[in-house]
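The values are calculated or read from the model by the stated rules, or taken from the named source; none is laboratory data. Model, not experiment: these values are computed from the prediction. Cβ: placed from backbone, ideal geometry, glycine included. Neighbour counts: every protein chain shown.
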2 protein chains.
Amino acid sequence: MKIRVVENVLKANDALAQENRQRLDEAAVRTINLMSAPGSGKTTLLEKTIEQLGAERCAVLVGDLQTTRDAERLEKAGAQTIQINTGKGCHLSATEVARGLEELDLDKVEYLFIENVGNMVCPAGFDLGEHQRVALLSIPEGDDKVAKYWTLFQSVDAILLTKMDLLEVLDYDINRVKADLARINTAAPFMEVSSKTGKGMEQWFNWLKNKQD
Amino acid sequence: MKIRVVENVLKANDALAQENRQRLDEAAVRTINLMSAPGSGKTTLLEKTIEQLGAERCAVLVGDLQTTRDAERLEKAGAQTIQINTGKGCHLSATEVARGLEELDLDKVEYLFIENVGNMVCPAGFDLGEHQRVALLSIPEGDDKVAKYWTLFQSVDAILLTKMDLLEVLDYDINRVKADLARINTAAPFMEVSSKTGKGMEQWFNWLKNKQD
């Protein structure tokens with residue numbers, strides 16, 4: 001019984017995700033689902049990204065249990081921003097994204113960023129209708145996270161190692177991360193970035209500007 | 001239908017949690033459920049705690065999606081350690097803890113630490129049979145996390161602000177965290193610690209040694 005219900009929920013989500021994707025395709029809006037642990041730097045990355053791409057070309061759907069703090073920051077950066085509060089919900093769903101899309105004017109928008117709830121587990125299992133998925137992993141989280149949260153890292157199209165400016169003060173072995181990724185996901189580019197210093201951000205901007213699959 | 005099933009799952013969990021607690025009471029083992037985001041320092045805190053309390057007095061149940069890396073570290077610290085791999089599961093359940101308890105020899109043990117899956121959302125909703133709940137929050141995660149992940153911080157008996165050694169290199173406002181906590185949870189002591197330098201750890205050890213409710 002329990003399993004049947006869970007399967008039905010997932011099937012309903014996937015069908016709606018497909019509708020979202022079709023709608024985004026028609027509007028020619030490339031949509032990227034950003035996933036990570038809490039505090040790995042999703043919002044700061046988006047602030048810098050919006051500045052680089054141009055605010056009028058970007059829209060953001062922000063998922064949080066509570067508070068509108070991230071949405072306020074992104075709105076300040078100039079992008080159309082919709083906050084989705086999930087209450088106790090541990091991930092965004094295709095239904096919530098569909099409702100968010102209703103509120104956006106996608107006319108001039110080329111990029112839609114979905115900032116998922118800060119959680120390395122549950123978001124990985126839910127298709128939202130995005131075109132690409134990106135995982136963030138920050139230096140202070142430690143170099144053992146790829147192997148532990150493999151369902152997330154297996155499912156993504158790009159991986160950003162963030163807060164590289166902290167590498168010098170912390171004991172972190174990037175080769176360990178690369179070795180884990182070599183077993184789980186060899187297709188996704190691995191980019192080492194610091195939103196603070198700007199180091200490595202060019203690679204991320206180029207990935208956004210070039211890759212369209 | 002969906003809601004009914006979820007309620008049944010939660011009820012079954014709570015009943016089993018109560019059995020776990022009774023068993024732990026009978027064995028006179030004080031049990032503490034540690035919850036936090038990935039990479040906030042649960043395992044390092046436990047290594048130092050086991051060293052301080054004495055390895056023979058401590059046992060640990062470690063929840064992870066995959067890998068036995070944390071369990072290996074804690075076993076090396078000398079404590080009886082059982083790894084629980086949850087696969088894609090985003091939190092530990094009372095059933096998993098009950099199975100873990102079967103494997104432990106609680107005879108000489110005074111403290112059982114349950115290191116939950118790194119996730120600030122889902123673990124908060126599941127009673128495991130613990131006596132006390134502790135949330136960790138690390139400096140690099142940013143000072144906005146209490147308000148965002150309020151269900152966790154509302155539910156705990158103590159809060160540790162970890163990686164205090166990084167305070168000087170990061171822009172972090174402890175007063176903002178305290179102001180958020182003042183709205184959510186005023187009963188839980190708030191301890192500022194660094195497992196790396198040892199600063200503030202005395203308060204945590206004293207809390208463990210003294211408080212028994």
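Can you tell me which residues in segment A:121-131 are among the small types (Gly, Ala, Ser), part of a helix (DSSP H, G or I) and more than 12 Å from the chain's Cα centre (by Cα)?
Across segment A:121-131, the qualifying residue is only A:125.
Pick out the one residue from B:146, B:134, B:109 that is more than 8 Å from chain A (Cβ to nearest Cβ), part of a loop (DSSP other than H, G, I, E, B) and buried (at least 18 other Cβ atoms within 10 Å of the Cβ).
B:109
Just give me the residues in segment B:151-199 being within 14 Å of another protein chain (Cβ to nearest Cβ) and either aromatic (Phe, Trp, Tyr) or touching a Ser or Thr at 6+ places or on another chain (Cβ under 6 Å) (or both), in sequence order.
B:153, B:162, B:163, B:164, B:165, B:172, B:195
Out of all the residues in segment B:41-65, which are within 14 Å of chain A (Cβ to nearest Cβ), among the charged types (D, E, K, R) and farther than 16 Å from residue B:31 by Cα?
Listed by number, the residues that qualify are B:47, B:64.
Can you tell me how many residues within segment A:157-168 are on the phi < 0 side of the Ramachandran plot and not in a strand (DSSP E or B)?
6
Would you say residue B:52 is surrounded by fewer than 19 Cβ atoms within 10 Å (Cβ to Cβ) and touching a Phe, Trp or Tyr at 6+ places or on another chain (Cβ under 7 Å)?
Yes, satisfied.
Any residue in segment A:152-173 that is over 17 Å from the mean Cα position of the chain (by Cα), among the aromatic types (Phe, Trp, Tyr) and within 24 Å of residue B:119 (Cβ to Cβ)?
Checked against the condition, which is being over 17 Å from the mean Cα position of the chain (by Cα), among the aromatic types (Phe, Trp, Tyr) and within 24 Å of residue B:119 (Cβ to Cβ), segment A:152-173 yields at least one hit.
Is it the case that some residue within segment B:164-185 is of a type in the set (A, V, I, L, M, F, W, C), buried (at least 20 other Cβ atoms within 10 Å of the Cβ) and within 22 Å of residue B:47 (Cβ to Cβ)?
yes
Per-residue answers, yes or no, for (1) surrounded by 15 or more Cβ atoms within 10 Å (Cβ to Cβ); (2) in contact with a Phe, Trp or Tyr (Cβ under 8 Å, 6 or more places away or on another chain); (3) part of a strand (DSSP E or B); (4) within 14 Å of another protein chain (Cβ to nearest Cβ):
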{"position": "B:67", "(1), (2), (3), (4)": "yes, no, no, yes"}
{"position": "B:70", "(1), (2), (3), (4)": "yes, no, no, yes"}
{"position": "B:74", "(1), (2), (3), (4)": "yes, no, no, yes"}
{"position": "B:82", "(1), (2), (3), (4)": "yes, no, yes, no"}
{"position": "B:90", "(1), (2), (3), (4)": "yes, no, no, yes"}
{"position": "B:96", "(1), (2), (3), (4)": "yes, no, no, no"}
{"position": "B:99", "(1), (2), (3), (4)": "no, no, no, no"}
{"position": "B:102", "(1), (2), (3), (4)": "no, no, no, no"}
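Working only within segment A:188-203, note down all residues that are within 17 Å of the chain's Cα centre (by Cα) and either small (Gly, Ala, Ser) or not in a loop (DSSP other than H, G, I, E, B) (or both).
Across segment A:188-203, the qualifying residues are A:188, A:190, A:191, A:192, A:194, A:195, A:201, A:203.
Do we find that residue B:86 is within 14 Å of chain A (Cβ to nearest Cβ), under 30 Å from residue A:146 (Cα atoms) and either free of Cβ contacts under 8 Å to residues at least 24 places away in the same chain or among the charged types (D, E, K, R) (or both) in this structure?
Against the criterion (within 14 Å of chain A (Cβ to nearest Cβ), under 30 Å from residue A:146 (Cα atoms) and either free of Cβ contacts under 8 Å to residues at least 24 places away in the same chain or among the charged types (D, E, K, R) (or both)), residue B:86 does not qualify.
So for segment B:166-174 (the condition being in contact (Cβ under 8 Å) with a residue 40 or more places away in the chain and under 18 Å from residue A:38 (Cβ atoms)), does at least one residue qualify?
Within segment B:166-174, none of the residues are in contact (Cβ under 8 Å) with a residue 40 or more places away in the chain and under 18 Å from residue A:38 (Cβ atoms).
Looking for whichever is free of Cβ contacts under 8 Å to residues at least 24 places away in the same chain and either over 13 Å from the mean Cα position of the chain (by Cα) or farther than 22 Å from residue B:142 by Cα (or both) here; the options are A:141, A:72. Which one fits?
None of the others qualify; the one that does is A:72.
Among the residues of segment A:74-81, is there at least one that is over 22 Å from residue A:204 (Cα atoms), of a type in the set (Val, Ile, Thr) and modelled with pLDDT of 95 or more?
no
Could you say which residue among A:24, A:16, A:46 is over 18 Å from the mean Cα position of the chain (by Cα), touching a residue at least 60 places away in the same chain (Cβ under 8 Å) and crowded, with 17+ Cβ neighbours inside 10 Å?
A:16
For segment B:27-43, give me the residue count where each residue is more than 17 Å from residue B:128 (Cβ to Cβ), among the hydrophobic types (A, V, I, L, M, F, W, C) and either surrounded by 18 or more Cβ atoms within 10 Å (Cβ to Cβ) or at pLDDT below 95 (or both).
The number of residues fulfilling the criteria is 1.
Return the only residue of A:180, A:171 being over 30 Å from residue A:51 (Cα atoms) and outside any helix (DSSP H, G or I).
A:171
Report yes if residue A:61 is more than 18 Å from residue A:16 (Cβ to Cβ) and touching a residue at least 12 places away in the same chain (Cβ under 8 Å), otherwise no.
no
When the residues of segment A:1-26 are filtered to those that are closer than 12 Å to residue A:94 by Cα and of a type in the set (A, V, I, L, M, F, W, C), which remaining residue is modelled with the lowest pLDDT?
The qualifying residue modelled with the lowest pLDDT is A:9.
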